[in-house]
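Undergrad: There's a structure below that I have some questions on.
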Protein chains: 2
Amino acid sequence: MSTVTIYGPAPSTYVRSARIFCEEKGVAYDLNQEIDREGAEYNALHPFGRIPAFRHGDFTLHETDAIGRYIDRVFDGPALQPSDPKNLALMDKWLTAITDYFYQVAVREIIWQRFLVPMQGGQPDEEMIAAAIPKLDHQLGVIAGDIGDSYLAGDAPSLADWVLVPIVTYLKGCPEGEGAIARQPAVGAWFGKLAARDSFAATMPPMPKAAE
Amino acid sequence: MSTVTIYGPAPSTYVRSARIFCEEKGVAYDLNQEIDREGAEYNALHPFGRIPAFRHGDFTLHETDAIGRYIDRVFDGPALQPSDPKNLALMDKWLTAITDYFYQVAVREIIWQRFLVPMQGGQPDEEMIAAAIPKLDHQLGVIAGDIGDSYLAGDAPSLADWVLVPIVTYLKGCPEGEGAIARQPAVGAWFGKLAARDSFAATMPPMPKAAE
């Protein structure tokens, strides 16, 4: 048994990011997908009931970015954060901006509509998806500007890239997302480099089929 | 003219947090409240149009937590972050959790209803406020548990406390918020200590009157 456990289902983009942090750092971990988000046991790990939660020995933590920063600080292995203060600030900016702006549009307004709603027997909200596309184009354009021909925060992948990669994985699996990424070649090239790493394959969830 | 500028209106809780970071660190700054969030000039500072934005010389940044981490790293002055990795992880956790969970309930569902909606000539949504109170009680209970008799992330105030203080300031100005804080004496004691500091008075916005 590893001293590190990540709690949450593998298809969650945030759970996958936390797993990639461990894979990239070279930290052995257990993935516990059998959680009851409403139950007292999980509530002790994450009193707001979201995913993932994290345990290292008797220290518990939640919030994906906090988990990533902690892993990078306390374990030996390749750096997951830039050392230059300005690149570090870019990483910090994107860690928040991905959750506050990009997740809302890419995941809630497109990915959930194309993947999750049909799995639950519903119909995708085509109006919501159509309204999301110009917002997605704007956001991917800003992301492409910071990526240039490298990564979100400098010349090496950082926590911010690893929070974005699982979302882009799903985006590429539905036509609107694939189209928007095709309009930003910098994002496609960035994704190709990160998707070639072992951490990507080791954490790839079963890919659901997108419904139209 | 200072080399540091914070952009955004003084009543914003996030703008106030960014100002407190500067005050606590001892960094001189200009506050530019005359921004057009839809305009091209501000869009260059913050392509997602939120507040605050930040400039240090020719380096620009957005996202309040990223601004705070940057200020703490590049300027001399008192530390705004704990040094112990576990306390640092607690600070990271709260910086995200305050925005992701607490802001939604405290600001969107209570403070805006009591302050902003009446200022715009509307009626507070009493049903929304009533439904928010048990959620607020739960969240303040979790916060009180981490504060104990000190601060959110150890024995000294950190960025996380300074993101929370402006929200609690408004909460105390409306009856539901004041009541919820009275039920968590640890939060009231914590607030009293932080409200006694110079950075608090120096950044206090004009307090609107809560409407019932």
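Just so you know, all these numbers are worked out from the coordinates, no wet-lab data involved. If you're wondering where the values come from, they're calculated on a predicted model, not measured in any experiment. Don't worry about glycine lacking a Cβ; one is built from the backbone with ideal geometry, like all the others, and counts go over all protein chains shown.
Undergrad: In nm, one decimal, shortest first: how far is the label point of B:Gly173 (7 Å from Cα along Cα to beta carbon) from the matching points in the other copies?
TA: 4.6
Undergrad: Once you charge only the Cβ atoms, +1 for Lys and Arg and -1 for Asp and Glu, what is the size of the charge dipole of chain A about its Cα centre, to the nearest 20 debye?
TA: Charge dipole, chain A, about its Cα centre: 160 debye, nearest 20.
Undergrad: Taking a label point 7 Å out from Cα toward Cβ, give me the nm distances from B:Pro85 to the same spot in the other copies, shortest first, one decimal.
TA: The projected label point of B:Pro85 is separated from its counterparts by 2.4 nm.
Undergrad: How much length, in nm to one decimal, is gained on full extension between A:Asn32 and A:Ala156, taken as 0.36 nm per residue of separation minus their Cα-Cα distance? Provide the component values of the computation, followed by the final result.
TA: Details: separation 124, 0.36 × 124 = 44.64 nm, distance 2.96 nm.
Additional length available on full extension: 41.7 nm.
Undergrad: Loop only per DSSP, at most 10 neighbouring Cβ atoms within 10 Å: give me the GluC sites (Glu not before Pro) in the stretch B:34-97, ordered by residue number.
TA: Counting only loop positions with at most 10 other Cβ atoms within 10 Å, the GluC sites (Glu not before Pro) in the stretch B:34-97 are B:Glu34, B:Glu38.
Undergrad: Excluding same-chain residues fewer than 8 positions from A:Lys93, which aspartates and glutamates have a Cα within less than 16 Å of its Cα?
TA: A:Lys93 reaches A:Glu63, A:Asp65, A:Asp84, A:Asp146, A:Asp161, B:Glu63, B:Asp65, B:Asp72, B:Asp92, B:Asp100.
Undergrad: What lysines sit close enough to B:Lys193 to cross-link, taking a C-alpha to C-alpha distance under 21 Å and skipping anything fewer than 8 places away on the same chain?
TA: List returned: B:Lys25, B:Lys172.
Undergrad: Right, another one. Considering only chain A, what is the antiparallel percent among its DSSP beta bridges, to the nearest 5?
TA: Numbers: 9 of 13 bridges.
DSSP beta bridges in chain A are roughly 70 percent antiparallel.
Undergrad: Measure of size requested: the Rg and Dmax of the protein assembly as shown, with Cα atoms as the atom set and Å as the unit; please supply both.
TA: Gyration radius and largest Cα-Cα distance of the protein assembly as shown: 21.3, 60 Å.
Undergrad: For A:Asn32, which inter-copy label distances result when the label point lies 7 Å beyond Cα on the Cα-to-Cβ vector, reported in nm to one decimal and in ascending order?
TA: 4.9
Undergrad: Okay, moving on. Can you tell me the FRET efficiency between A:Leu116 and B:Ala131 if r is taken as the Cβ-Cβ distance and R0 is 22 Å, rounded to the nearest 0.05?
TA: With a Förster radius of 22 Å, E is 0.30.
Undergrad: Okay, moving on. Hey, if you drop one equal point scatterer on each alpha-carbon of the stretch B:4-74 and run the Debye formula without solvent, what base-10 log of I(q)/I(0) do you get at q = 0.14, 0.28 Å⁻¹?
TA: -0.35, -1.44
Undergrad: Given charges of +1 on the Cβ of Lys and Arg and -1 on the Cβ of Asp and Glu, with all other atoms neutral, how large is the dipole of the stretch B:4-74 about its Cα centre, in debye to the nearest 20?
TA: Using Cβ point charges on Lys, Arg, Asp and Glu, the stretch B:4-74 gives about 200 debye.
Undergrad: In chain B, how does Rg compare with the Kirkwood Rh, expressed as the Rg/Rh ratio over alpha carbon atoms?
TA: Result: Rg/Rh = 0.96.
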